[in-house]
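Report on the structure given below.
The values are calculated or read from the model by the stated rules, or taken from the named source; none is laboratory data. Since the structure is predicted, the reported quantities are computational estimates derived from the model, not experimental observations. Here the Cβ positions follow ideal geometry from the backbone for every residue, glycine too, while neighbour counts run over all protein chains shown. Just the protein is used for accessible areas: all its heavy atoms, side chains included, with ligands, DNA and RNA removed. Shrake-Rupley method; radii C 1.70, N 1.55, O 1.52, S 1.80 Å.
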Amino acid sequence: MPCILTQGLNLDCRSNFGGVKEVYVMEFENATTITEAVGVITGITKAVGKKFWKYNLIAHTGEGEETNTINRENGTSSNKQMLKFPINKMTTAVRNELLLIAQNRLLWVVVDENGTGWLYGKNYGMMMDSWSAKTGKALGDRNGYELAFSSEEKDMACALDSGTLAALTTVGA
């Protein structure tokens with residue numbers, strides 16, 4: 001039985017922007033419930049005392065990517081989600097936080113330059129693939145970290161409704 005198509009698509013207005021404005025991160029296990037309706041996250045229940053941490057990013061440096069892979073022979077489809085961004089200025093505090101991040105499965109909310117938040121790692125959590133610390137050579141070079149995360153998920157990233165996005169940094173009760 002075929003999956004029924006539901007709509008045609010037209011070209012949209014040219015009011016679309018690339019890039020990532022900010023990201024939010026929380027340990028995967030601290031999301032006790034994720035509520036979704038028709039591809040939109042309408043609620044994330046956080047464990048008591050837990051919240052998402054906000055990372056402001058430098059304009060035009062962060063990137064979220066999602067690639068769907070279909071295996072015709074097996075009848076399967078999976079989604080590879082990737083997130084990359086730098087953090088300027090090497091510090092002990094950032095170094096220590098990166099060591100903690102590297103040990104966790106994570107949920108990331110990627111807020112694009114259009115103001116839409118996308119949930120990455122919903123089914124299994126994202127893991128850090130790599131991070132590098134660079135001092136730079138010249139005065140104008142980046143001194144800081146470059147981070148990369150990925151996950152393989154059943155579902156494509158879902159957008160968060162405005163209320164869920166606004167409540168990410170509130171502490172779970």
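Only a single item in (1) outside any strand (DSSP E or B); (2) surrounded by 14 or more Cβ atoms within 10 Å (Cβ to Cβ) is not met by Lys137, and it is number (2). Scanning the stretch 103-118 turns up at least one residue that is open to solvent by 70 Å² or more (accessible area, probe 1.4 Å), outside any strand (DSSP E or B) and at pLDDT 95 or above. Hey, does the stretch 99-121 have a residue that's out of contact with any Asp or Glu (no Cβ under 9 Å at 6 or more places or on another chain) and of a type in the set (Lys, Arg)? No, there is no match, as no residue in the stretch 99-121 is out of contact with any Asp or Glu (no Cβ under 9 Å at 6 or more places or on another chain) and of a type in the set (Lys, Arg). Residue count for the stretch 40-53 satisfying the condition of being of a type in the set (D, E, K, R) and either farther than 14 Å from Thr164 by Cα or open to solvent by less than 40 Å² (accessible area, probe 1.4 Å) (or both): 2.
Of the candidates Lys21, Lys50, the single residue that is closer than 23 Å to Phe85 by Cβ and assigned to a strand (DSSP E or B) is Lys21.
Counting only residues that are free of Cβ contacts under 8 Å to residues at least 60 places away in the same chain and either touching a Ser or Thr at 6+ places or on another chain (Cβ under 9 Å) or not in a strand (DSSP E or B) (or both), how many does the stretch 53-62 have?
Number satisfying all stated conditions: 6.
Whether any residue in the stretch 76-90 is in contact with a helix residue (DSSP H, G or I) (Cβ under 7 Å, 6 or more places away or on another chain) and surrounded by 15 or more Cβ atoms within 10 Å (Cβ to Cβ) is what I want to check. Looking for residues that are in contact with a helix residue (DSSP H, G or I) (Cβ under 7 Å, 6 or more places away or on another chain) and surrounded by 15 or more Cβ atoms within 10 Å (Cβ to Cβ), one finds at least one in the stretch 76-90, hence yes. Are any of the residues in the stretch 8-20 within 16 Å of Leu147 (Cα to Cα), in contact with a Phe, Trp or Tyr (Cβ under 7 Å, 6 or more places away or on another chain) and modelled with pLDDT of 95 or more? No, there is no match, as no residue in the stretch 8-20 is within 16 Å of Leu147 (Cα to Cα), in contact with a Phe, Trp or Tyr (Cβ under 7 Å, 6 or more places away or on another chain) and modelled with pLDDT of 95 or more.
Of Glu36, Glu65, Glu29, which residue is without any contact (Cβ under 8 Å) to a residue 24 or more places away in the chain and either open to solvent by 70 Å² or more (accessible area, probe 1.4 Å) or of a type in the set (Val, Ile, Thr) (or both)?
Glu65
Set side by side, the residues Val48, Val40 differ, and just one is under 17 Å from the mean Cα position of the chain (by Cα), farther than 19 Å from Ser151 by Cα and at pLDDT 95 or above, which is Val40. When Ala93 is tested against the conditions (1) small (Gly, Ala, Ser); (2) over 15 Å from Leu160 (Cβ atoms); (3) touching a helix residue (DSSP H, G or I) at 6+ places or on another chain (Cβ under 8 Å), the lone failure is (3).
Return yes when Asp129 is of a type outside the set (Gly, Ala, Ser), free of Cβ contacts under 8 Å to residues at least 60 places away in the same chain and surrounded by 11 or more Cβ atoms within 10 Å (Cβ to Cβ) and no when it is not. In short, yes.
Can you pull out the residues in the stretch 90-102 that are without any contact (Cβ under 8 Å) to a residue 24 or more places away in the chain and assigned to a loop (DSSP other than H, G, I, E, B)? Break it down stepwise before answering.
Of the stretch 90-102, the ones without any contact (Cβ under 8 Å) to a residue 24 or more places away in the chain are 91-93, 96-97, 99-100.
Within the stretch 90-102, Thr91 is the sole residue that qualifies.
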